[in-house]
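Every read-out reported here was derived from the displayed coordinates using simple, explicitly stated rules and does not represent laboratory data. Because the structure is a prediction, the values reported are computed rather than measured. Virtual Cβ from ideal backbone geometry, glycine too; neighbours counted across all protein chains shown.
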Amino acid sequence: MKKIFLIASGKGGTGKTMFAVNFGALLARKGKRVVLIDMDLGMRNMDLYLGMENRVVFNIMDFMSGICRLNKALIKVDGFDSLYFMAASPRRDDRRITERHMTALCDALSKYFDFIILDCGAGMGGLLDACLPAAQRAVLVTEPEIASLRDADTLAGYLMEKGLRDTCMVINKADADLMRAGILPDLPSIVNSTNTPVVGMIEMDSDIRISTNRGIPAVCKEDGAAEETFREIAGRILGLPPIS
Ligand SMILES: Nc1ncnc2c1ncn2[C@@H]1O[C@H](COP(=O)(O)OP(=O)(O)O)[C@@H](O)[C@H]1O
Ligand SMILES: [Mg+2]
């Protein structure tokens, strides 16, 4: 089974980190051993969305530059038995992180974890490229806006050229009213207009906003809509057919 996922997008702010955190939290709540890696160096947010900002001592650059061992850079997330994360460094000093480093890191983590989720910053190049040889499947988090969708298709083409052929797309921040009014493309027209398989859609949801600001993944909320949505999306990412 594919176990190393890259979360990426063309545009910024589409919800990649929100998605990574909830996807990882859902899998961990099902008993899987999951590690989330914040690859957005200089713009780190994952620690906030997990409510762990006061627990970060060492980050990925500390590990990469030999300041700490791997186990010191892995932080167990409060409230979970099997969810860990590795924080990004607060400065964008990523010159030393290469494809070789990321492949070695993922190889080492594969021995201990069922799933590795690499949460990248927006766009192409840089650290995204460093993650590509290790990643087995990319999840492009996209808003249902024509510009965001076009950029996602461009990114899917870029990933393909670089050799990562297994790419799927999650539509986030969907607004049912604007879709019904024909202002935003709806799910069937998105599915028809892209070659990238669509594995789910997440509504614009104030619970999700609250959850990222509180630092508690939305899937942890009892009887919230997010858990069911993420369960469906996770099922498709892990093997069920995409939306047709
Ligand atoms: N489905 C959603 N509904 C409401 N707010 C969302 C949703 N997805 C993400 N957000 C909000 O959008 C902002 C950007 O999300 P984030 O995951 O940090 O994006 P990225 O990692 O792509 O830059 C955050 O404030 C988050 O709470
Ligand atoms: Mg992010």
Any idea what the dipole of the chain comes to, in debye rounded to 20, about its Cα centre with Lys/Arg Cβ at +1 and Asp/Glu Cβ at -1?
880 debye
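Mind checking the alpha-carbon convex hull of the chain and giving the volume per residue in Å³? The partial results should precede the final answer.
Values: hull volume 28.0 nm³, N = 244.
Spread over its residues, the Cα hull of the chain gives 115 Å³ apiece.
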What percent antiparallel are the DSSP beta bridges of the chain, to the nearest 5?
5 percent
Which distance in Å, rounded to a whole number, links the C-alpha centroids of region 10-77 and region 92-154?
13 Å
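In region 73-180, which trypsin sites (Lys or Arg not before Pro) fall in coil by DSSP and have 11 or fewer other Cβ atoms within 10 Å?
Values: sites: Lys76, Arg91, Arg92, Arg95, Arg96, Arg100, Lys111, Arg137, Arg150, Lys162, Arg165, Lys173, Arg180; in loops: Arg91, Arg92, Arg95, Arg96, Lys111, Lys162, Arg165.
Passing both the DSSP loop test and the Cβ count: Arg91, Arg95, Arg96, Lys111, Arg165.
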Find out how many positive minus negative residues lie around Phe113, taking Lys and Arg as positive, Asp and Glu as negative, among other residues whose Cβ is under 9 Å from that of Phe113.
+3
Could you give the Stokes-Einstein D for region 131-227 in µm² per second, using the C-alpha Kirkwood radius, 4 °C, 1.567 mPa s?
88 µm²/s
Computed Rg/Rh of region 1-109, alpha carbon atoms with Kirkwood Rh
0.93
